[in-house]
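First up is the structure itself, then whatever we jot down about it.
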Amino acid sequence: MLDKLEAIQERFYYLEERLSDPSIVSDQKLYAKTNKDYSNLKEVVEVFKAYKEILGNIATAEEMQAEDDPDMKEMAKEELNELKPQKEKLEEKLKVLLIPKDPEDEKDVIVEIRSGTGGDEASIFAGDLYKMYSRFFDRQKWKVDVLSITEGSVGGYSKLVLEVSGNNVYGRLKFESGAHRVQRVPKTESQGRVHTSAATVVVMPKLEMEDVNINKADLRTDTFRASGAGGQHVNKTESGVRFTHIPTGIVAESTDARSQTQNREIAIQRLYQKMYDVQREAHNSKVAAARKSLIGSGDRSGKIRTYNYPQNRVTDHRINLTLYSLDKIVEGDIDGILEALQVAENAEKMKAGAEGE
């Protein structure tokens, strides 16, 4: 573990130097990436520094314990009793920090909230979830854009789609996907009976469309005589240009301009656009498949969490966590739930890592 941490520290100092390099500073995209990599290593390096300091203090205390002076021995013993638990605590923290992160954790997200079973009450609950998350987003200082909104017939929303951007957004919100169930007396209930309704939440990492990258070796270029209006010049010269992307079979051509050079530019732009459209369609299909796998049936039986108003209780069924602080949670205080879910995931990853060794 120490060798790995030393390597991380070296990388951290290297990135620190790069951040003052004028060639990096002048390139906004590269600077942002370098700064993000630097920030991601900062906590590990700080904890590692504290850990090395503890190790040094333990070594000094053990030397003191070897002295003949009884007072020195006693002082060293007391110091070791304090230092060793600190060392163990930092070791556990470092193990967690060294767990490989999901590369998608840093991505911004698309959040979709839909009313499920329960009629009007489900729409009202979807609105309550929206308020809860909005307050949480504000606390995180994340940027939120409402992409689409469909209001319910008596309040709340039947569907909301948000784009949320900031630091480690998907890493924090990825556990929220699934059916959320509410148990309470609806405002429309005259008999005072508790009803159960549901809403679904889907959190998907925002997949950036990659720039179209065409390898020239994958292109076949053909020139040909243009036909149609244009007079003698069009018929006598091979001004038409056709590009074929061999791996995909996508074809684009141009005879719009008089010169072959201009047609070449037009044709390559058309090819880029066609390939972009194909890539975008594949991207959209991937998003649709991800949404379908996350959303479930939207009914009450597939719930991940229950919000019980009469008992002021919230239960996350995946980790058997029950908190009697629903009043605070609906105000956006969901950090405790998210951290417990993260701890559970880290424990699974550490267990899987230990079994693989």
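The values are calculated or read from the model by the stated rules, or taken from the named source; none is laboratory data. Predicted model, so just to flag it, every value in this text is computed and none were measured. Note that we place each Cβ from the backbone using ideal geometry, even for glycine, and neighbour counts take in every protein chain shown.
Candidates are the residues of segment 248-286 that are hydroxyl-bearing (S, T, Y) and over 19 Å from R225 (Cβ atoms); the one that is surrounded by the most Cβ atoms within 10 Å (Cβ to Cβ) is Y272. Scanning segment 110-119 finds no residues that are modelled with pLDDT under 90, more than 30 Å from P186 (Cα to Cα) and among the β-branched types (V, I, T). Each residue in segment 102-128 was checked for being part of a helix (DSSP H, G or I) and either more than 28 Å from Q342 (Cβ to Cβ) or among the hydroxyl-bearing types (S, T, Y) (or both), and 5 pass. Evaluated against (1) closer than 18 Å to V44 by Cβ; (2) part of a loop (DSSP other than H, G, I, E, B); (3) over 27 Å from the mean Cα position of the chain (by Cα), I99 falls short on exactly one condition, (3).
Exactly one residue among L5, L15, L41 is touching a residue at least 40 places away in the same chain (Cβ under 8 Å), closer than 22 Å to D102 by Cα and in a helix (DSSP H, G or I), and that residue is L5. Restricting the first member to segment 83-97 and to residues that are touching a residue at least 12 places away in the same chain (Cβ under 8 Å), and the second to residues that are charged (D, E, K, R), the beta-carbon pairs closer than 8 Å and six or more apart or on different chains are L97/E43. If we scan segment 151-167, do we find a residue that is over 22 Å from R313 (Cα atoms), under 14 Å from the mean Cα position of the chain (by Cα) and part of a loop (DSSP other than H, G, I, E, B)? Looking for residues that are over 22 Å from R313 (Cα atoms), under 14 Å from the mean Cα position of the chain (by Cα) and part of a loop (DSSP other than H, G, I, E, B), one finds at least one in segment 151-167, hence yes.
For segment 103-127, a tally of residues being in contact with a Phe, Trp or Tyr (Cβ under 8 Å, 6 or more places away or on another chain) and charged (D, E, K, R) returns 5.
Can you list residue pairs whose Cβ atoms sit under 8 Å apart, with the first residue in segment 153-178 being without any contact (Cβ under 8 Å) to a residue 60 or more places away in the chain and not assigned by TED's automatic domain parsing to the domain that holds L341 and the second being surrounded by 20 or more Cβ atoms within 10 Å (Cβ to Cβ) and in a helix (DSSP H, G or I)? Count only pairs 6 or more apart in sequence or on different chains. Correct list of pairs: empty, since none qualify. Scanning segment 61-71 for residues that are surrounded by fewer than 14 Cβ atoms within 10 Å (Cβ to Cβ) and not small (G, A, S) returns E62, E63, E67, D68, D69, P70, D71.
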